[in-house]
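Reviewing the structure listed below.
What follows is calculated from the coordinates using simple rules that are stated; it is not laboratory data. Keep in mind the model is a prediction, meaning the values are calculated, not measured. Quick reminder, even Gly has a Cβ in these numbers, built from the backbone with ideal geometry, and neighbours come from all protein chains shown.
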Amino acid sequence: MADEPLELGEISFSDWHAHTDKLADVGFLTVARKLPSLIRQAMRMAWRASPRDTAATIVLNLLGGVFTAFGLLATTGVLGALFSEGPTPDRVVAALPSLALVGAAAVLRTAVQAGAGWAQSRLDPQVSRLTEERLYGLTSQVSLVAYDDPDFHDALQRARLRGVAMADSVVTCTIDVVTAAVGIAAVAGVLGVLHPVLLPLLLLAVLPDAWAAVRSARMQYATMYALIPANRRKWIIGQLLAEREPAAEVRSFTMRGFLLRMYDAVARAEQDVMLGLARRQTVARLAGEALGGLGAALVYVALGVLLAVAAIPLAVAGTAVLAIRSAQGSLGRLMYATNRLYEEGLYFTDFLDFCADAERRIPGDRDTAMPDSFERVTATEVTFTYPGAATPALREVSIEIKQGEVIAFVGENGSGKTTLAKILAGLYEPDTGTVHWDDTDLRQVSPDALRRRTAVIAQDHTRWPLTARYNITMGTDKGEPALHGAAAVAGADEVITALPHGYRTLLDRRFKDGCELSGGQWQRIAVARGFHRDADLLICDEPTAALDARAEHALFERIRHHADGRTVLLITHRLASVRYADRIYVLDHGRITEHGDHDTLMALDGLYADLYTLQATAYR
Ligand SMILES: Nc1ncnc2c1ncn2[C@@H]1O[C@H](COP(=O)(O)OP(=O)(O)O)[C@@H](O)[C@H]1O
Ligand SMILES: [Mg+2]
């Protein structure tokens, strides 16, 4: 048993490597081509976060470059004076003015670079805030159906786990790249003035290092990208091992060994991939450094030759050595920043791609206003298929709900009741068919406007880690009477009175002084939430599954009596509770097979009559 291979679902090891190779094939030129657009996007982001700090960073960095070049040229003056003919004290005195210029340039350069650094570090937190708010602004706005799409999930995971965290460092790296490039440009300018042949030689010392750095970054990204499914799996198993909710079942089913074995299988495979990556990165780095060393040697040989043939004076050669040193410092920083910019830029691109995709998934603006109320809600020939599902969850479903009615959906598990309720609530849009509020086609109305008029007590309602009050008001404040009234109808008032801090009790044990409720108590809170919303259409999707039969009956009686002209849609498996509904729709495999009131359906002697008789005899 212990050695039986584990079925790990979506994770298949050969798939990982195929992915890795495909992505790692991208070459240096691709990277070089990608950098300008990355820099542009990062700068746009920085500008949006703070125009002042972005401008300050750029201007001060450019000034830094100017002072660097100025200092190097002044150095030539110093060396020229020192290497001239004449007594030493005279030469030193002659060098003094240039030396003062060198000193002034150094002081100014340090000052503007410090200013640039300050502006740059001010950008960091501003960019972070901007990107986080953008991400969560979008995730909470996309159509609900996006969450049923695995591709969306993957993209969201990448954007959320790495993309957002990368945004500020992409901006930092971009500025580092620009800073280092300005430093190199300053040196290159000086070298070009001294002797043009020094320029291509400088390039020779640089490119191999650049190649190695980019290649290694590329490998790293490809690996991380390929490891996302594994990371997710590991995270899911980790949740099972470390979270409170499954803790009881992990123990009662003695699942510890099984889960740890699963975790280990994924973690080991991941480790092997990472070790392979470390090896390949080292090889690439060594090759780059060997070539870079060769290039540097060539630069110095060339300098020697230029001196020997008297193509340049000694002072110029001296400055060239200093300039190349300075350029090497900038180059090191440029390489490091480019490396990081490229790697993190890929994650950042994931983030931008996610945002673009999410924006496409936000329903567009619709002009038609939501009617103030309705005489009747009609669904006509509604068909709906979940993304990736083989068969439709609803097929050509037509129903009608009149104002003030209590309507019930009945049917076996998976027959489509919840899906239909979600379409009526504006959470999903039908693939074909329409939903109307009187003459208004809901396709022409913003889904949010519809949702504001509808209250859904969901089958899988959320246990919000908020206070009891917020769990009912959901951030709207309609005053104490509305709150207490809703709680009373749902029977949540007795639950809340028993809590240590009443309505102010936090309903989550992970917080200090937090309290936990039972399933049935949570359901009462969820019902109160639905009532508090005071909507035209109240949808109760099995709100009573965790209540005993007597409590459910009492609750439905209260809902019926407190409906106050509200229209109520009930979904429940306990048919005794729907007996008094004005109309009952029976769903079977996504179709409506029967409808009518209780007596009509009993007379029909179909599925409803079967189920009802079955439950009635069970209770007798
Ligand atoms: N998010 C989803 N993604 C894909 N299929 C789903 C999803 N939710 C439900 N389904 C499928 O749609 C069908 C109807 O489900 P549902 O409306 O929840 O049924 P009911 O509420 O009647 O039990 C089922 O076959 C179910 O497997
Ligand atoms: Mg359901």
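Within straight-line reach of LYS417, meaning a Cα separation under 28 Å, sit the following lysines at least 8 residues removed in sequence or on another chain: LYS402.
In this label model, VAL301 and ILE236 are separated by 5.9 nm, measuring between points 7 Å along each Cα→Cβ vector.
Calculation over all alpha carbon pairs of region 164-302 in 10 angstrom steps from 0 returns a P(r) of 10, 23, 24, 17, 12, 8, 5, 1 percent.
Could you name the lysines in cross-link range of LYS234, using Cα to Cα under 28 Å and dropping any fewer than eight places away on the same chain? Counting by Cα, and skipping residues close in sequence, LYS234 has these lysines nearby: LYS22. The alpha carbons of the chain give a radius of gyration and a Dmax of 35.0, 125 Å, in that order. Ignoring lysines fewer than eight residues from LYS478 along the same chain, none have Cα atoms less than 18 angstrom from its Cα.
Each principal axis of the Cα cloud of region 43-128 was evaluated for its coordinate range; sorted largest first, these ranges are 61, 16, 14 Å.
Please identify the longest segment of the chain free of exposed GluC sites (Glu not before Pro), where exposed means a DSSP state other than H, G, I, E or B and no more than 14 other Cβ atoms within 10 Å. Result, exposed sites excluded: 86-242. Counting every other Cβ atom within 10 Å of each residue's Cβ, CYS540, CYS515 order from fewest to most as CYS515, CYS540.
Check every DSSP H run in the chain and write down those whose alpha carbon atoms cover 24 angstrom or more along the long axis and whose mean Kyte-Doolittle hydropathy is -0.5 or greater. Helices passing the filter in the chain: 28-49, 51-82, 88-139, 164-194, 198-242, 256-308, 314-360. Contact order for region 109-182, expressed relative to its length and based on alpha carbon pairs under 8 Å spaced 6+ residues apart, stands at 51 percent.
For the pair region 49-75 / region 131-168, the C-alpha centres are spaced 37 Å from each other.
Modelled this way, with points 7 Å down the Cα-to-C-beta line, the labels at GLN615 and SER252 are 2.6 nm from one another.
Working from label points 7 Å from Cα in the Cα-to-Cβ sense, the ARG452 to PHE511 distance is 2.7 nm. Where both bridge residues fall in region 376-619, DSSP classifies roughly 50% of the beta bridges as antiparallel. Once you order the gyration tensor axes a ≥ b ≥ c over the Cα atoms, which shape class does region 506-620 get: rounded for a/c under 1.5, otherwise prolate or oblate by comparing a/b with b/c? The shape class here is prolate. Using C-alpha pairs below 8 Å separated by at least 6 residues, the relative contact order for the chain is 14 percent. Binning all Cα-Cα separations of region 406-557 at 5 Å, short to long from zero, yields these whole-percent fractions: 2, 9, 17, 20, 18, 15, 10, 6, 2, 1, 0. Rounded to 0.05, the FRET efficiency of the LEU108 and GLN271 pair, given R0 = 41 Å and the Cβ-Cβ distance, is 0.20.
Of all beta bridges DSSP finds with both residues in the chain, what is the antiparallel percent, to the nearest 5?
Antiparallel bridges make up about 50 percent of those DSSP assigns within the chain.
Under the definition of Cα pairs under 8 Å and six or more residues apart, what whole-number percent is the relative contact order of region 13-360? Answer for region 13-360 is 30 percent.
Overall shape of region 13-360 was characterised from the C-alpha gyration tensor. The equivalent ellipsoid obtained from it has semi-axes of 51, 24, 16 Å, in decreasing order.
Given a Förster distance of 30 angstrom, what is the FRET efficiency for ARG366 paired with GLU243, based on the Cβ-Cβ distance and rounded to 0.05? Walk me through the intermediate numbers first.
Numbers: r = 40 Å, r/R0 = 1.34.
My answer for the efficiency is 0.15.
A simple charge model with +1 on the Cβ of Lys and Arg, -1 on the Cβ of Asp and Glu and nothing else charged puts the dipole of the chain at about 2500 debye relative to its Cα centre.
Extension gain for the segment GLU494 to LEU199, taken as residue separation times 0.36 nm less the Cα-Cα distance, is 97.9 nm to one decimal. For region 527-571, the Stokes-Einstein estimate of translational diffusion at 4 °C and a viscosity of 1.567 mPa s comes to 120 µm²/s, using the Kirkwood hydrodynamic radius over alpha-carbon pairs. One decimal place: the segment ASP431-TYR386 gains 15.2 nm when fully extended, by the rule 0.36 nm per residue minus the C-alpha distance.
Taking a cut-off of 16 Å, what percent of all Cα-Cα pairs in region 301-379 are separated by more than that?
Counting pairs separated by more than 16 Å, the tail of P(r) holds 75 percent.
Potential lengthening of the chain between ALA356 and TYR336 amounts to 4.3 nm, from the contour at 0.36 nm per residue minus the alpha-carbon distance.
The ranking of LYS34, LYS512, LYS402 from fewest to most other beta carbons within 10 Å of each one's beta carbon is LYS512, LYS402, LYS34.
Here is the result for region 559-615: no trypsin sites (Lys or Arg not before Pro) lie in DSSP coil with at most 14 other C-beta atoms within 10 angstrom of their C-beta.
With helices as the sole contributors, the chain gives -22000 deg cm²/dmol at 222 nm; each DSSP H run of n ≥ 4 counts as -39500 (n - 2.57), and the sum is divided by every residue.
Going by neighbour counts of Cβ atoms within 10 Å, the residues TYR347, TYR147, TYR225, TYR585 line up, fewest first, as TYR147, TYR225, TYR347, TYR585.
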